[in-house]
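Q: Structure incoming, see below.
The values are calculated or read from the model by the stated rules, or taken from the named source; none is laboratory data. From a predicted model like this one, the values you see are computed outputs, not experimental measurements. Neighbour counts run over all protein chains shown; Cβ positions are idealised from the backbone, glycine included.
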Amino acid sequence: AYLFSNALLGDKEQKGDHLGIGGTHHAGRSGKLFVWTGTREDESAAGSKVLAPGSWNHVVLIRDGKRVRLFLNGEPEIDTELRIASPANGTISIGARNDRFAPLKGFLAHLVVFDRSLTSDEATTLHATSGQKSGTPEASSPAFAMGVRESKTIADCKINIDGNSKKLGPSVARGFLPACRTKLSPPSVGSGTSGRLQLADWLTRGDHPQTARVMVNRIWLHLFGRGLVDTPDDFGVYGSRPSHPALLDHLAHRFMDGNWSIKKMIRTITLSRSYQLDSIYRDNRLLKKDPANILVGRHTRRSLDAETMRDRILQAGGSLDLSPSQGSAIAHLDILLNWPPGEAKYLHEPNTHRSVYLCMLRNALPQELVAFNLPDGMKVQGNRSKTIPPSQALFFLNNPLIIAQALALAERLLVDQ
């Protein structure tokens, strides 16, 4: 939202000083004051404090040549240099930008424009005479999270003719897939419900033959590099048969008995002798009989996945931040839905947190991971591709992340010596 704009009315990207509160356009600026010169995006500066929603704040913007200062509630917030971009006969817009973009959804109690630049003492005096307390109240974390709920109106879906969502055919009543045949009776869907809850209850029943097996197989795949069923996305007639059916059933029962806890299942598998084997064959006869290691006579040697590789690089350079990442880059998802050119770059600003905290958005994946067979997120992919293209070697030679961590590692080694 924009509080003040000193630029010609009309088109966007007009030269002038624009004062606003960061929203969803730039990651890291949400709720913070910023000043922009109206043209180039790098000609802007942002504060560090997040404004609490519903709070009153005292703001003083001072332009003295190239120097731009901003005081928030009597305290310095921005002090930098920005190119002079004021128009010859600019028009002052209040509560919006000059092109009426992002109007303020709030209140402006007072506005004063001076014909000269104020001093820092004058800025703090203005705040003192306003009667407001010094300092910015902390913005509290929202006491809610995103969730799923039924729509107020329950409706059946229409057939998409030829898969085209714009060519709709007749409606199809909600129900269960008749092609999925099991010994369990399918759930009944009432007229006042969508059927999602009934389907979830049916899938997680204790006597359901597939759900626990599928999940346990994926956990095994993640730990060993190969599932007990080699087709994790297909447990049907076209999928592979289990290499150890009794073990799969045992782990599935244990998974359900453990309240479907993935953490407990990982602990169970990693404490087993099979997981703790090394990758060297001790018996050549076993190598000849089982070259693919289907019988798990050793631990399969495999390359790191993209996320683990990035974490290990940061760890080697001494830069890995193990603390949870705060906030989310997807907070400005509304921008990405409209997809103006260049906006996706804000999703992947450099950081040293673990890869599990990176933003994984379809069509805008982290570039440092794409070269290493990272799934595109468009469909379920239990088994990742395993390739070694030239782009991976070029990545290690040229990527700024690799270069920075290599230099950090070299400096650490020199210090140790």
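Q: Only one of (1) in a helix (DSSP H, G or I); (2) modelled with pLDDT of 90 or more; (3) aliphatic (A, V, I, L, M) fails for LEU197. Which number is that?
A: Going through the list (1) in a helix (DSSP H, G or I); (2) modelled with pLDDT of 90 or more; (3) aliphatic (A, V, I, L, M), LEU197 breaks only (2).
Q: Next question. Could you tell me which of the residues GLY163, GLY195, GLY95 is exposed (fewer than 10 other Cβ atoms within 10 Å of the Cβ) and at positive phi? Don't jump to the end; show me each part of the working.
A: Numbers: GLY195 fails: exposed (fewer than 10 other Cβ atoms within 10 Å of the Cβ); GLY95 fails: exposed (fewer than 10 other Cβ atoms within 10 Å of the Cβ).
Every option except GLY163 fails the conditions.
Q: Out of curiosity, is PRO232 part of a loop (DSSP other than H, G, I, E, B) and without any contact (Cβ under 8 Å) to a residue 12 or more places away in the chain?
A: Working: part of a loop (DSSP other than H, G, I, E, B): yes; without any contact (Cβ under 8 Å) to a residue 12 or more places away in the chain: no.
The answer is no for PRO232.
Q: Across the range 45-81, which residue is nearest to GLY22 (Cα to Cα) among those that are charged (D, E, K, R) and part of a strand (DSSP E or B)? Outline the logic, then answer.
A: As a first pass, look at the range 45-81 and keep what is charged (D, E, K, R): 49, 63-64, 66-67, 69, 75, 77, 79, 81.
Those left that are additionally part of a strand (DSSP E or B): 63-64, 67, 69, 75, 77, 79, 81.
Values: ARG63: 20, ASP64: 23, ARG67: 21, ARG69: 17, GLU75: 19, GLU77: 14, ASP79: 17, GLU81: 19 Å.
Filtering the range 45-81 for residues that are charged (D, E, K, R) and part of a strand (DSSP E or B), the one nearest to GLY22 (Cα to Cα) comes out as GLU77.
Q: Here is a list of conditions, (1) within 29 Å of the chain's Cα centre (by Cα); (2) more than 24 Å from LEU248 (Cβ to Cβ); (3) in contact (Cβ under 8 Å) with a residue 24 or more places away in the chain, and GLY147 meets all of them except one; can you say which number that is?
A: Of everything listed in (1) within 29 Å of the chain's Cα centre (by Cα); (2) more than 24 Å from LEU248 (Cβ to Cβ); (3) in contact (Cβ under 8 Å) with a residue 24 or more places away in the chain, GLY147 misses just condition (3).
Q: Filter the range 200-221 down to the residues that are part of a loop (DSSP other than H, G, I, E, B) and closer than 26 Å to THR300 by Cβ and list them by number. Before the answer, list the steps.
A: Keep residues of the range 200-221 that are part of a loop (DSSP other than H, G, I, E, B), which gives 204-210.
Selection gives GLN210 alone.
Q: Please specify each residue of the range 267-302 satisfying the condition of being on the phi < 0 side of the Ramachandran plot, of a type outside the set (Phe, Trp, Tyr) and in contact with a helix residue (DSSP H, G or I) (Cβ under 6 Å, 6 or more places away or on another chain). First the steps, then the outcome.
A: Quick first cut of the range 267-302, residues on the phi < 0 side of the Ramachandran plot only: 267-292, 294-295, 297-302.
From the residues that got through so far, the ones that are of a type outside the set (Phe, Trp, Tyr) too are 267-274, 276-280, 282-292, 294-295, 297-302.
ILE269, GLY297, listed by residue number.
Q: Among the residues that make up the range 60-83, is at least one of them among the aliphatic types (A, V, I, L, M), surrounded by fewer than 16 Cβ atoms within 10 Å (Cβ to Cβ) and farther than 18 Å from ARG29 by Cβ? First the steps, then the outcome.
A: Pass one, the range 60-83, residues among the aliphatic types (A, V, I, L, M): 60-62, 68, 70, 72, 78, 82.
Imposing the further condition that a residue be surrounded by fewer than 16 Cβ atoms within 10 Å (Cβ to Cβ) reduces the set to none.
Checked the range 60-83: no residue is among the aliphatic types (A, V, I, L, M), surrounded by fewer than 16 Cβ atoms within 10 Å (Cβ to Cβ) and farther than 18 Å from ARG29 by Cβ.
Q: Within the bounds of the range 348-361, is there any residue that is outside any helix (DSSP H, G or I) and in contact (Cβ under 8 Å) with a residue 60 or more places away in the chain? Walk me through how you get there before you give the answer.
A: Pass one, the range 348-361, residues outside any helix (DSSP H, G or I): 349-354, 358-361.
Filter again for in contact (Cβ under 8 Å) with a residue 60 or more places away in the chain, leaving 349.
The answer is yes; a qualifying residue exists.
Q: How many residues does the range 148-179 hold that are β-branched (Val, Ile, Thr) and part of a loop (DSSP other than H, G, I, E, B)?
A: Residues in the range 148-179 being β-branched (Val, Ile, Thr) and part of a loop (DSSP other than H, G, I, E, B): 3 in total.
Q: Something else: Output the number of the condition that GLU368 fails; it satisfies all remaining conditions of (1) more than 30 Å from PRO232 (Cα to Cα); (2) at pLDDT below 85; (3) in a helix (DSSP H, G or I); (4) of a type outside the set (Gly, Ala, Ser).
A: GLU368 satisfies all of (1) more than 30 Å from PRO232 (Cα to Cα); (2) at pLDDT below 85; (3) in a helix (DSSP H, G or I); (4) of a type outside the set (Gly, Ala, Ser) except (1).
Q: Related question: Could you list, in sequence order, the residues of the range 379-393 that are touching a residue at least 12 places away in the same chain (Cβ under 8 Å) and under 20 Å from GLY317 (Cβ atoms)?
A: Of everything in the range 379-393, just one residue is touching a residue at least 12 places away in the same chain (Cβ under 8 Å) and under 20 Å from GLY317 (Cβ atoms), namely GLN392.
Q: Within the range 267-294, how many residues turn out to be in contact (Cβ under 8 Å) with a residue 12 or more places away in the chain, loosely packed, with under 15 Cβ neighbours inside 10 Å and under 31 Å from the mean Cα position of the chain (by Cα)?
A: The number of residues fulfilling the criteria is 1.
Q: Which of the residues spanning the range 295-314 are over 21 Å from VAL370 (Cβ atoms) and surrounded by 15 or more Cβ atoms within 10 Å (Cβ to Cβ)? Step through it out loud before you land on a result.
A: Let us first name the residues in the range 295-314 that are over 21 Å from VAL370 (Cβ atoms), namely 295-301.
VAL296, GLY297, ARG298, HIS299 - these are the residues of the range 295-314 that are over 21 Å from VAL370 (Cβ atoms) and surrounded by 15 or more Cβ atoms within 10 Å (Cβ to Cβ).
Q: If I ask for residues that are aliphatic (A, V, I, L, M), over 14 Å from the mean Cα position of the chain (by Cα) and surrounded by fewer than 15 Cβ atoms within 10 Å (Cβ to Cβ), which ones from the range 353-381 would you list?
A: VAL370, MET378, VAL380 - these are the residues of the range 353-381 that are aliphatic (A, V, I, L, M), over 14 Å from the mean Cα position of the chain (by Cα) and surrounded by fewer than 15 Cβ atoms within 10 Å (Cβ to Cβ).
Q: Only one of these conditions is not met by SER385: (1) modelled with pLDDT of 85 or more; (2) surrounded by 11 or more Cβ atoms within 10 Å (Cβ to Cβ); (3) over 27 Å from ARG29 (Cβ atoms). Which number is it?
A: (2)
Q: Inside the range 268-347, counting only helices (runs of 4 or more DSSP H) that do not spill past its ends, which hold 2 or more residues that are at pLDDT 75 or above?
A: Working: elements: 273-276, 284-289, 306-316, 333-338.
Ranges flagged: 273-276, 284-289, 306-316.
Q: Going residue by residue through the range 173-192, is there one that turns out to be of a type outside the set (Gly, Ala, Ser), at pLDDT 80 or above, out of contact with any Leu (no Cβ under 9 Å at 6 or more places or on another chain) and more than 27 Å from PHE235 (Cα to Cα)?
A: no
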